[in-house]
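Notes to accompany the following structure.
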Amino acid sequence: MFALVDCNSFYASCQQIFRPDLRGKPVVVLSNNDGFVVARSREAKTLGIEDLQPFFKIESRLRRHGVAIFSSNYPLYGDISDRLMMTLRQFSPRIEVYSIDEMFLSFAGMRIDTREYGRKIRDILWQEVRVPVSVGVAPTKTLAKLAGRVAKKNPALGGSCTLDAPGKWDPVLEQTPATGVWGINRRLAKRLEGFGVATAHDLARADPKAVRRRTSVCVERTIEELNGRSCIDLEEIPPAKKRIYCTRSFGKKATSPEPVLQGVALYASRAAEKLRKQNHLAVAMHVFIHTSPFMPDFHSASEVICLACPTDDTRVITREARLAAARLYRPGHKYLKAGVGLIELVDRNHYQDDLFYPEQPEKTDRLMRAIDAINQEKGKGSVFLAAQGVSRPWYMRQQYTSPEYTTRWSDIPVVHA
């Protein structure tokens, strides 16, 4: 048996942890640059506020209904997610961190009442982290996803739903559209219409081999999973990313080269940090800049750079990214966005040096380890390249940012007793 633990309105719930006065009230969280609504509390959803609505279009409506507005606070969300995952590890010896707010657990070999155990998980997470969750339990990961969806939408279940027999999951499949199945997007659902598939129940009854011939083995596995046969095991060790991108929109459109170059330097540095975290080296890099696609003078430019040798050196990656951005920049444009992608990666453990090209020096490795250790201990950005800029007036807008309650010393709440 598998369990999926899924946080309810995670970003909004994180904001309510240290603002208990907001519990039971509508809360929304905005995307980068305060552009769109990306998270809503249950009360905000009740008001009819839809996901991904442009903030400028509904700001007056939000204020009229007294909705609490927050900019995205990723350091806070990441730390709360880590606390959730660490707490969940006590409930199963085998786990998979699926996303920032979802985790799969295996109950194989455990003699438990799954529904009561799910409620226990929910209660402990609320007691220790103060984040509401829903727990779905089923013999496959795909069915566990559906069970979690049922638990979230039906308050009478107490936050835990178990689908452990066809008699329990068949009614759920009949009421679930094909696009509600894990891994079935709208484009794939249109192709499945040729098999007469409109609901999850239709998909479960389809011929898996015939569907595979016209789609993929992944859809065949999904069909097997919907019938209670486990085909997708836990990924206890997450696979390394094949590409690493860091992109952002500017808070203020760049009309001169310096903001663009500083932004590209910052994004290159962050991409290099992520590269080192997964113990890989970059062989090639993609740099792009563009203006707003809604402006009449839209301009977009990009370049792929092959690095002299595979590297994770922030200095080398940043230098090459800045040089590429300088070549791409054209005066007279108002640039809205820039990005850096490390697009060809090799594992350090399996990389074989080239006899005719220099390898990264050992002193570079020591320097990068020292920088990462300082930033880990003292806080993100404690040590950075001057090329990234200091004041950064171009940086993305975050007008409604909450304190980083758990990751910054100056923001730790003070308790008066």
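The values are calculated or read from the model by the stated rules, or taken from the named source; none is laboratory data. Values in this document were obtained by computation on a predicted structure and should not be read as measured data. With ideal geometry, Cβ positions are generated from the backbone for all residues, glycine too; neighbour counts draw on all protein chains shown. The area values use the complete protein model at the heavy-atom level, side chains included, leaving out ligands, DNA and RNA. Shrake-Rupley method; radii C 1.70, N 1.55, O 1.52, S 1.80 Å.
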Requiring at least 2 residues that are touching a strand residue (DSSP E or B) at 6+ places or on another chain (Cβ under 8 Å), under 18 Å from V129 (Cβ atoms) and not polar (S, T, N, Q), the helices (runs of 4 or more DSSP H) wholly within the stretch 42-101 are 74-88
Filter pass, A326 being in a helix (DSSP H, G or I), touching a residue at least 40 places away in the same chain (Cβ under 8 Å), out of contact with any Phe, Trp or Tyr (no Cβ under 6 Å at 6 or more places or on another chain) and more than 17 Å from R276 (Cβ to Cβ):
yes
Taking the stretch 235-271 only, how many residues are at pLDDT 90 or above and within 30 Å of S92 (Cα to Cα)?
1
Any residue that is within 24 Å of K277 (Cα to Cα), crowded, with 20+ Cβ neighbours inside 10 Å and among the polar types (S, T, N, Q) - is there at least one of those in the stretch 296-316?
yes
When the stretch 12-22 is checked residue by residue, the ones that are open to solvent by 50 Å² or more (accessible area, probe 1.4 Å) and either within 17 Å of the chain's Cα centre (by Cα) or over 18 Å from D101 (Cβ atoms) (or both) are R19, P20, D21
Name the residues in the stretch 1-48 that are hydrophobic (A, V, I, L, M, F, W, C) and out of contact with any helix residue (DSSP H, G or I) (no Cβ under 8 Å at 6 or more places or on another chain), would you?
F18, L47
Lone qualifier among R221, R229 - being of a type in the set (D, E, K, R), in a loop (DSSP other than H, G, I, E, B), open to solvent by 50 Å² or more (accessible area, probe 1.4 Å) and at pLDDT 90 or above
R229
Looking at K25, is it assigned to a loop (DSSP other than H, G, I, E, B) and either basic (K, R) or buried (at least 21 other Cβ atoms within 10 Å of the Cβ) (or both)?
yes
What pairs can you find where one residue is in the stretch 402-417 and without any contact (Cβ under 8 Å) to a residue 40 or more places away in the chain, the other is assigned to a loop (DSSP other than H, G, I, E, B) and open to solvent by 50 Å² or more (accessible area, probe 1.4 Å), and their Cβ atoms are less than 9 Å apart, with a gap of 6+ or different chains?
S410/P403; D411/P403; I412/P403
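The rows are residues; the columns are (1) under 30 Å from D79 (Cα atoms); (2) of a type in the set (S, T, N, Q); (3) open to solvent by 30 Å² or more (accessible area, probe 1.4 Å).
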{"position": "A151", "(1), (2), (3)": "yes, no, no"}
{"position": "A165", "(1), (2), (3)": "no, no, yes"}
{"position": "K168", "(1), (2), (3)": "no, no, yes"}
{"position": "F195", "(1), (2), (3)": "no, no, yes"}
{"position": "A204", "(1), (2), (3)": "no, no, no"}
Just checking, does the stretch 55-64 include any residue being touching a residue at least 24 places away in the same chain (Cβ under 8 Å), open to solvent by less than 20 Å² (accessible area, probe 1.4 Å) and either in contact with a Lys or Arg (Cβ under 9 Å, 6 or more places away or on another chain) or within 15 Å of S402 (Cβ to Cβ) (or both)?
no
Odd one out for L52, checked against (1) touching a residue at least 40 places away in the same chain (Cβ under 8 Å); (2) in contact with a Phe, Trp or Tyr (Cβ under 7 Å, 6 or more places away or on another chain)
(1)
Select from the stretch 385-406 the residues that are within 23 Å of L84 (Cα to Cα) and buried (at least 17 other Cβ atoms within 10 Å of the Cβ) and list them in ascending order.
S402, E404, Y405, T406
Pull up the stretch 285-304, narrow it to residues that are modelled with pLDDT under 95 and out of contact with any His (no Cβ under 8 Å at 6 or more places or on another chain), then point me to the one that is nearest to S382 (Cα to Cα).
S292
A282 vs (1) aliphatic (A, V, I, L, M); (2) in a helix (DSSP H, G or I); (3) touching a Ser or Thr at 6+ places or on another chain (Cβ under 8 Å): all pass except (2)
Got a number for residues in the stretch 206-218 being open to solvent by 60 Å² or more (accessible area, probe 1.4 Å) and under 19 Å from K145 (Cβ atoms)?
1
Residue by residue through the stretch 330-356, note down the ones that are in a loop (DSSP other than H, G, I, E, B) and surrounded by 19 or more Cβ atoms within 10 Å (Cβ to Cβ).
H333
